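Taking it in order: structure first as structure tokens, then the write-up.
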Amino acid sequence: MHVPDGFLDAPTSIVTGVVAAGGVAVALRKARGELDDRTAPMAGLVAAFIFAGQMINFPVGAGTSGHLLGGALAAVLVGPWTGALCLSVVLLVQALFMADGGVTALGTNITLMGLVGCFAGYAVFRLVAAVLPRRTSSVAPAAAIGALVSVPVAASVFTLLFAIGGTAPVEIGAVLTAMLGWHTVIGVGEAVVTGLVVASVVAARPDLVHGARHLVDTQELEIRTAATT
Amino acid sequence: MGAGHGHRLFFHGHSAVHRAPAHLKVLVLVGFMLTVVATPRDWYPAFAGYLLAVVAVVLLARVPLLYVVRRMVIEVPFVVFAVLVPFIATGPRTDVLGLTVSEPGLLAAWGLLAKGTIGVMASLTLAATTEPTDVLVGLRRLRLPDLIVQIMGFMIRYLDVVTADLGRMMVSMRSRGMNPRSPRSWPTLARTLGALFIRSYERGERVHLAMLSRGYTGQLP
């Protein structure tokens, strides 16, 4: 999944690196607004969670399996800015310590999976959540649709980058068809998993889910009188 | 529950490469890889030179070459793609071993494989010779925002705790008869991830409170 070194040419890699650096800088400031002085430990633990989540392989059948990318999931659970920040840190750690994704392609990976994945997922999530009834039970389906859309969107942005700075003479139309087709399948898996994970967290601790917090706040404290017999 | 020192890829040693300051190593890695990526792919001798350079550093670090080679499996999915390129690429056709492939596609596949492989080897060398704490110090010296370095530090520190937490959940589910190879286990796996998120988030809150009680004001000493 991670773009390796040499896939896109050097100028494209540098430009996406600048975009990624700018995006992460904004995300840092905004995440501090979402989390204040808890930012470092909370984002660190959420990043560790995303990394562990990517380690679970979901069986697809025929012996193959896929794993979660987690952009939309992180955005719904902890908010888009903190989510993008956590995913960027995960990608940075993977590039420096696990040789997963090239160091020169780090900017591309952060732009695609961190920024585009999180924000496309979150935007669709908010749109769908606005249409669905304002109940906590509609958070999970909205998150699933956000995840479903976020993966092909990231794949299309990759195709765009490939059209600008690709190093293989493959027809862009063919690349776009292959990337979209394959990533729609991945997106369906991502959607099912994201929806199920969000549903389980909403059921247990709705106050922790960023995308459900505005629904929890409106629930008023209800004092019930004990049934005395 | 004692965690090992260093991370999974670290290879303990005392060579000059291990001792070199981490910020220098990161800078050299990024500079080297930018050079490799910018090299035109038909400069074949240059790539031989790059490969020799990486191998020389690995040998200088006294890390067994096999140790690095064995960890290069991370590259496999990408190799599959590179092998497919000559078949789907455009351009004049040529015959190789009885197969008709695209000539520029063949060159592109070579370029992808050469650059990708050198990249993975170089990154593995950094990972094998540098302790995580040294990388963090190095990144701070490279003026990476302090908050990013702190977040990375917490992620690395709790990575093994969180993954071990997940491992224990998987073991207990397996011992109760769950079959993780069946798609029917998707809901169970997803609920496990949900539980893991709540545990990690609450651990973060506890860590933050513990830090506050020790005088944390937003800066780590």
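Please find, within region B:40-54, the residue that is nearest to B:SER15 (Cα to Cα) out of those that are in contact (Cβ under 8 Å) with a residue 12 or more places away in the chain and not small (Gly, Ala, Ser). In this case the residue turns out to be B:VAL54. Just one of the numbered conditions (1) open to solvent by less than 20 Å² (accessible area, probe 1.4 Å); (2) more than 18 Å from A:VAL188 (Cα to Cα); (3) not hydrophobic (A, V, I, L, M, F, W, C) is not true of A:GLY146: (2). Among all residues of region B:110-132, there is none that is within 27 Å of A:ALA31 (Cβ to Cβ), open to solvent by 40 Å² or more (accessible area, probe 1.4 Å) and in contact (Cβ under 8 Å) with a residue 40 or more places away in the chain. On inspection, B:LEU84 passes the criterion of being over 19 Å from the mean Cα position of the chain (by Cα), closer than 30 Å to A:VAL170 by Cβ, at pLDDT below 85 and facing chain A (nearest Cβ under 10 Å).
Taking the criterion of being in contact (Cβ under 8 Å) with a residue 12 or more places away in the chain, under 27 Å from B:PRO40 (Cβ atoms) and part of a helix (DSSP H, G or I), the residues of region A:164-189 that qualify are A:ILE164, A:GLY165, A:ILE172, A:VAL175, A:LEU176, A:MET179. From the list A:ALA21, A:ALA84, A:ALA74, A:ALA31, the one residue that fits, being surrounded by fewer than 20 Cβ atoms within 10 Å (Cβ to Cβ) and either in contact with a Gly (Cβ under 8 Å, 6 or more places away or on another chain) or not β-branched (Val, Ile, Thr) (or both), is A:ALA21.
A:ALA143 passes all but one of (1) within 13 Å of another protein chain (Cβ to nearest Cβ); (2) out of contact with any strand residue (DSSP E or B) (no Cβ under 9 Å at 6 or more places or on another chain); (3) within 24 Å of A:ALA99 (Cβ to Cβ); (4) outside any loop (DSSP other than H, G, I, E, B); which number fails? Among (1) within 13 Å of another protein chain (Cβ to nearest Cβ); (2) out of contact with any strand residue (DSSP E or B) (no Cβ under 9 Å at 6 or more places or on another chain); (3) within 24 Å of A:ALA99 (Cβ to Cβ); (4) outside any loop (DSSP other than H, G, I, E, B), A:ALA143 violates only (3). Filter region B:196-220 down to residues that are in contact (Cβ under 8 Å) with a residue 12 or more places away in the chain and more than 7 Å from chain A (Cβ to nearest Cβ) and give me whichever is least open to solvent (accessible area, probe 1.4 Å). So, considering only residues that are in contact (Cβ under 8 Å) with a residue 12 or more places away in the chain and more than 7 Å from chain A (Cβ to nearest Cβ), the one least open to solvent (accessible area, probe 1.4 Å) is B:LEU220.
Scanning region A:104-119 for residues that are of a type outside the set (Ser, Thr, Tyr) and crowded, with 24+ Cβ neighbours inside 10 Å yields A:ALA105, A:LEU106, A:GLY107, A:ASN109, A:ILE110, A:LEU112, A:MET113, A:GLY114, A:LEU115, A:GLY117, A:CYS118. Only a single criterion out of (1) open to solvent by less than 50 Å² (accessible area, probe 1.4 Å); (2) at the interface with chain A (Cβ under 7 Å from one of its Cβ atoms); (3) farther than 25 Å from B:VAL137 by Cα is not satisfied by B:PRO183, namely (1).
For region A:204-220, a tally of residues being modelled with pLDDT of 75 or more and assigned to a loop (DSSP other than H, G, I, E, B) returns 2.
The values are calculated or read from the model by the stated rules, or taken from the named source; none is laboratory data. Please read these numbers as outputs of a predicted model, since none were measured by experiment. Note that we place each Cβ from the backbone using ideal geometry, even for glycine, and neighbour counts take in every protein chain shown. Each accessible area value is taken on the protein alone, full model and side chains, heavy atoms only, with ligands, DNA and RNA left out. Shrake-Rupley method; radii C 1.70, N 1.55, O 1.52, S 1.80 Å.
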